[in-house]
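What follows is a single structure, written as C-alpha cells, with notes after it.
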Amino acid sequence: MNDILFGCIQCGRCTGGCPVSVRSALNIRKLIYRSLIKIKNKSKDLGIWECTTCSTCSIRCPKGVDVVDYIIDLRSDEIERGKVQPQVRDTLESVFKFGNPWGRIREKRADWLEGNGVRILQPGDKTRFLYFVGCTPCYDTRTQEIARAMVRVLKTASCDFAILGIQETCCGNEVKRMGEVGLFEMLVEENTKLFKKFDIGTFFTTSPHCFNTFKNEYIDLDFVIEHYTTLINRFIKEGRIEPRGKFEKRVVFHDPCFLGKQNDIYEEPRELLRSVPGIELFEFERSRERSLCCEGGGGRMWVETESDEERLAVTRVKDAAVLEVDVIATACPFCLLTLEDAVKTSNLEDSIKVMDIVEILDEALGLKDEEERVPEYQNTRSSDSKQSQ
Amino acid sequence: MNIAVCIKRVPETAEAAVNIDSSEKHIIPDQLVFDINEADNYALEEALLLREKTEGDITLFTVGSKESDEVIKMGLAKGATRGVRITPENLDNLDAYAVAKLLAEQVKEGNFDLILTGCISSDVGNSQVGVTLAELLGIPHATLVIKMGIEDGFATVQRELEGGLLEELKIKLPALFTIQTGINEPRYASILGIKRAAQKELRVIENITAEGMKAEVVKMYYPPVGKMAEILEGGVEEVSGKLCEILKGKGLL
Ligand code: SF4
Ligand code: SF4
C-alpha cells in the first residue's frame, strides 16, 4: 500500500489545500509521514473519516502522489475489521440489500416520477439517451425535484430518452470512497451486466458522483457517459432546447468537486447558466480548481463529523451572502443538500435559495407551471418517448 | 470458552408490502430482502466481544433453507469459527418447539459454556426458541439480557424489566441468554470478508424430519381494516398543521 506514497517529499501542499484540515484532526501530510516511517495509521483521532475525497490534495501534490487512494486504503482496513461508525455500517448494508444507501426498498425507487410518463427500459430495448437518476434524487424528497425538472426539460428537447426505473442500482462511487472495495466491485459487475441488456447511445447522470465512477472506474461500458450539464448545454447550443422565459436573479455557481476538480468540467455549467435570459452570474472568490468543498462527498453524507468547527457549507453560504446573491446554483444532489442545510442553519432562508442548474432552467422555461395547468402536457410534449408505465 | 449462537434469516419488512400465498399459511418471499434477525445480530456481536477477551470457538446454528447460508457466512466473516445449518424436510411447518428441538439435538453435542440467541425474531416474534432450547438442554437461562459479564464459571447479566427496572442475576455456566437489541454495536461484515468466509466450515444437516410440533399455523391474514384511522391529505405543511390541531384537540400537545 505504501508504494503509492514513496514519491512524497513532505512539502505539505496537500494539507495546505485540504479544506477539512482546518476544522478537524485530518492532516494528510502527517498521515503519509507516519505511514512512510511505518507507524500504523488506524486511530480515529487521525480523522480519516473526515476526508470528503474532494481530491484537492491530489491535484496540488507536485509529486503526483495519489493521496485520496491512500485515504481509501486506510478506510478499507477499518472496513475489513468491521469496526466502523454505525451509520457507515448501515449505509453499506443498505447498498448491499436494497441497492441504495438510504435504507429504502427497491420497489419505491421510481416513485419520484409521480405518474410522469417516462419510458422505462426493458431488456433488449434501445435508447438514444439513458438518464441515470441516482439514489439520492430517486428517494430524497428535496432532490426528487431535480429529477422531475430534468424530465420536463428533456421533454422539450424532443429526444428519445429513458430511465431504468426500479432496475437502477447504486453506482458505488461513495461505497468505494468509504473503503468498501468488495461491495464496489460487486456493484460494478452487476451494473455492467444490467447495462449490457440494453442498447444505449449516451448515458448521463444527475450526480457528478455517479458520472465520475461510471466514466473513470467502470472499465467495460461501451456507450458515451456524460454529466447532464454537458449534455443539456449542448442541446442548448444546437438549438434543441431554447431557453426562453426569464430568470432575473443574482446567481453564484458552486463547483461540485466531482464535476470540477475531478473531471475538469468547469465551463459547461457556467455556459448553461449564462444561456438563461435574466441571470446575473457571480463567482465565488474560491471557485473552479480552488472551489471550497461542501463536505458531501466521500461518504460524508453518512459519516458523523467529530468536529464542532463551522461546516464548510456554512462558510460557503456566508460567502454567497456577502456576494448578495439570490441563488446558489449547483449541479450535484449532495452539494444541494449540504448547502441548503447550511442556508437553514445560518438563518438565510429568506434571502438565499439553493437550486440545481436544471431546476433554474426548468423554472425559466416555466415548465412546472405549465405542467400544473395542463395535465395532459406530458403527452403533447413527449413526441418520441413512448409511455410504458 | 465455547460459545454457541443461534441465528435466523428473516425478511426485512419495514417498508415492503408483505403478501400471503394461496395456502394462507406463508408469506410470498419473492420481492423481499432478507437479513440476519436483528436481535440475533446483537447476540452474535456479544459472542464476538467475549471472544476478544477469552480464547475459544464460536459456533453458529440456524434452522432454515439453503439461503440461510447467507447469514451464516456473514457471521463467519465477522469472526465466528464454524456454522451449522439444519434443514429438515418439513421446514415449512415448524413451530418454535420443533425449532428448539432441532437445535437442542445439535447443540447438546458441542459442550458449550454459553449459548446466546436473540430475544425475539422479527418475523414471527414468538420469543420461545431460546427458553425452550434452555429447557431441553436442562440449563439455566435469562431473557432480555442488556448487559453481560463472565467470570470464574459464572455469568452476571442484567435484564430489563417493566417500568425501567433492572434486574441483575448471577448464573452458573453453562447457561443460555436471550439477548436484547442495543446491548452493543454490531460490527460490519465486508463483502470480501463474506467471500473469504466461504472457506470456513459450514456443516449441513439434511434428510431429517422435525417431530413433536405443538402449534400449527391455521391461517395468515391481514387484520380487518379499522375505522379509527384518519388519513390526512395535502402537502407536508398542510398535513403537519392538521396533525398539530388534532393532537392539540386531544390535549396531547
Ligand atoms: S503534496 Fe504530495 S509531496 Fe507534498 S506532502 Fe503532500 S503528498 Fe507529499
Ligand atoms: S481529498 Fe480533500 S478532504 Fe480528503 S485529504 Fe484530500 S484535500 Fe483533504
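The values are calculated or read from the model by the stated rules, or taken from the named source; none is laboratory data. Treat the numbers as computed from the prediction; the structure is a model and nothing was measured. Positions of Cβ are backbone-derived with ideal geometry, glycine not excepted, and every protein chain shown enters the neighbour counts. Keep in mind that these areas ignore ligands, DNA and RNA; they rest on the heavy atoms of the full protein, side chains included. Shrake-Rupley method; radii C 1.70, N 1.55, O 1.52, S 1.80 Å.
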Exercise for the section: Would you point out which residue out of A:Gln144, A:Gln122 is outside the structural domain of A:Cys335 (by TED's automatic domain parsing), more than 16 Å from ligand 1 (Cβ to nearest atom), buried (at least 19 other Cβ atoms within 10 Å of the Cβ) and not aromatic (Phe, Trp, Tyr)? Expected result: A:Gln144
Exercise for the section: Scan the range A:63-100 for residues that are in a loop (DSSP other than H, G, I, E, B) and either among the polar types (S, T, N, Q) or within 16 Å of ligand 2 (Cβ to nearest atom) (or both) and report the count. Expected result: 6
Problem - Condition check for A:Thr330: in contact with an Asp or Glu (Cβ under 8 Å, 6 or more places away or on another chain), closer than 24 Å to A:Tyr139 by Cβ and modelled with pLDDT of 70 or more - result: yes
Completion exercise
Counting only residues in the range A:1-38 that are assigned to a loop (DSSP other than H, G, I, E, B) and within 8 Å of ligand 1 (Cβ to nearest atom), the one most open to solvent (accessible area, probe 1.4 Å) is identified as A:Ile9
Handout entry: Filtered residue count, the range A:106-151, keeping only those that are of a type in the set (Phe, Trp, Tyr), closer than 29 Å to B:Phe34 by Cα and away from chain B (no Cβ under 13 Å)
Key = 2
Handout entry: Number of positions in the range A:275-300 that are open to solvent by 20 Å² or more (accessible area, probe 1.4 Å) and aliphatic (A, V, I, L, M)
Key = 2
Problem - Test set (1) acidic (Asp, Glu); (2) more than 16 Å from ligand 1 (Cβ to nearest atom); (3) away from chain B (no Cβ under 14 Å) - A:Asp66 fails condition number - result: (2)
Problem - Set A:Glu180, A:Glu226, A:Glu185, A:Glu174: member being out of contact with any Lys or Arg (no Cβ under 7 Å at 6 or more places or on another chain), among the charged types (D, E, K, R) and open to solvent by 30 Å² or more (accessible area, probe 1.4 Å) - result: A:Glu185
Exercise for the section: List every residue pair whose Cβ atoms sit under 9 Å apart, with the two residues 6 or more apart in sequence or on different chains, where the first one lies in the range A:6-23 and is closer than 15 Å to A:Asp69 by Cα and aromatic (Phe, Trp, Tyr) and the second, anywhere, is modelled with pLDDT of 90 or more and more than 6 Å from ligand 2 (Cβ to nearest atom). Expected result: A:Phe6/A:Val65
Fill in the blank from the handout: Going through (1) exposed (fewer than 13 other Cβ atoms within 10 Å of the Cβ); (2) in contact with a Ser or Thr (Cβ under 9 Å, 6 or more places away or on another chain) one by one, B:Lys200 fails only at (1)
Handout entry: Extreme residue, farthest from B:Asn93 (Cα to Cα), among residues of the range B:195-253 that are under 24 Å from the mean Cα position of the chain (by Cα) and among the acidic types (Asp, Glu)
Key = B:Glu201
Handout entry: Some residue of the range A:255-269 being surrounded by fewer than 23 Cβ atoms within 10 Å (Cβ to Cβ) and not in a loop (DSSP other than H, G, I, E, B)
Key = yes
Completion exercise
Restricting attention to the range B:1-34, the residues that are away from every other protein chain (no Cβ under 14 Å), touching a Leu at 6+ places or on another chain (Cβ under 9 Å) and of a type outside the set (A, V, I, L, M) number exactly 2
Fill in the blank from the handout: Here the qualifying pairs (Cβ atoms under 9 Å; residues six or more apart or on different chains; first in the range A:337-356 and outside any loop (DSSP other than H, G, I, E, B); second among the hydroxyl-bearing types (Ser, Thr, Tyr) and surrounded by fewer than 24 Cβ atoms within 10 Å (Cβ to Cβ)) come out as A:Ala342/A:Thr315; A:Val343/A:Ser351
Problem - Residue among A:Leu337, A:Leu367 that is at pLDDT below 95 and either touching an Asp or Glu at 6+ places or on another chain (Cβ under 9 Å) or open to solvent by less than 10 Å² (accessible area, probe 1.4 Å) (or both) - result: A:Leu367
Handout entry: Meets criteria (open to solvent by less than 50 Å² (accessible area, probe 1.4 Å) and either of a type outside the set (Asp, Glu) or closer than 19 Å to B:Gly130 by Cα (or both)) for B:Leu49
Key = no
Practice task
Being surrounded by 19 or more Cβ atoms within 10 Å (Cβ to Cβ) and within 9 Å of another protein chain (Cβ to nearest Cβ) is the filter; apply it to the range A:94-105 and report the residue that is nearest to B:Arg187 (Cα to Cα).
Solution key: A:Phe96
Handout entry: Which numbered condition A:Ser58 misses (of (1) open to solvent by 20 Å² or more (accessible area, probe 1.4 Å); (2) more than 14 Å from every other protein chain (Cβ to nearest Cβ); (3) modelled with pLDDT under 95; (4) in a loop (DSSP other than H, G, I, E, B))
Key = (4)
Exercise for the section: Inspect all residues belonging to the range B:91-103 and state whether any of them is open to solvent by 50 Å² or more (accessible area, probe 1.4 Å), part of a helix (DSSP H, G or I) and among the acidic types (Asp, Glu). Expected result: yes
Problem - Candidates B:Ile179, B:Ile194, B:Ile171, filtered to the one that is over 14 Å from B:Thr117 (Cβ atoms), more than 14 Å from every other protein chain (Cβ to nearest Cβ) and in contact (Cβ under 8 Å) with a residue 12 or more places away in the chain - result: B:Ile171
Exercise for the section: Check whether at least one residue in the range B:37-59 is modelled with pLDDT under 95 and at positive phi, and report yes or no. Expected result: yes
Problem - the range A:313-331, subset among the small types (Gly, Ala, Ser) and part of a helix (DSSP H, G or I), residue nearest to A:Leu361 (Cα to Cα) - result: A:Ala320
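Yes/no matrix, rows are residues, columns are (1) in contact with a helix residue (DSSP H, G or I) (Cβ under 7 Å, 6 or more places away or on another chain); (2) open to solvent by less than 40 Å² (accessible area, probe 1.4 Å):
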| residue | (1), (2) |
| --- | --- |
| B:Val124 | no, no |
| B:Gln128 | yes, no |
| B:Leu136 | yes, no |
| B:Val145 | no, yes |
| B:Phe177 | no, yes |
| B:Asn184 | yes, yes |
Exercise for the section: Would you be able to tell me the number of residues in the range A:69-88 that are more than 10 Å from ligand 1 (Cβ to nearest atom) and under 24 Å from the mean Cα position of the chain (by Cα)? Expected result: 13
Fill in the blank from the handout: Selection from the range A:69-86 of residues within 14 Å of chain B (Cβ to nearest Cβ) and open to solvent by 30 Å² or more (accessible area, probe 1.4 Å) yields A:Asp73, A:Asp77, A:Glu80, A:Arg81, A:Lys83, A:Gln85, A:Pro86
Fill in the blank from the handout: Scanning the range B:107-145 for residues that are aliphatic (A, V, I, L, M) and over 15 Å from the mean Cα position of the chain (by Cα) gives B:Val107, B:Leu114, B:Ala134, B:Leu136, B:Leu137, B:Ile139, B:Ala142
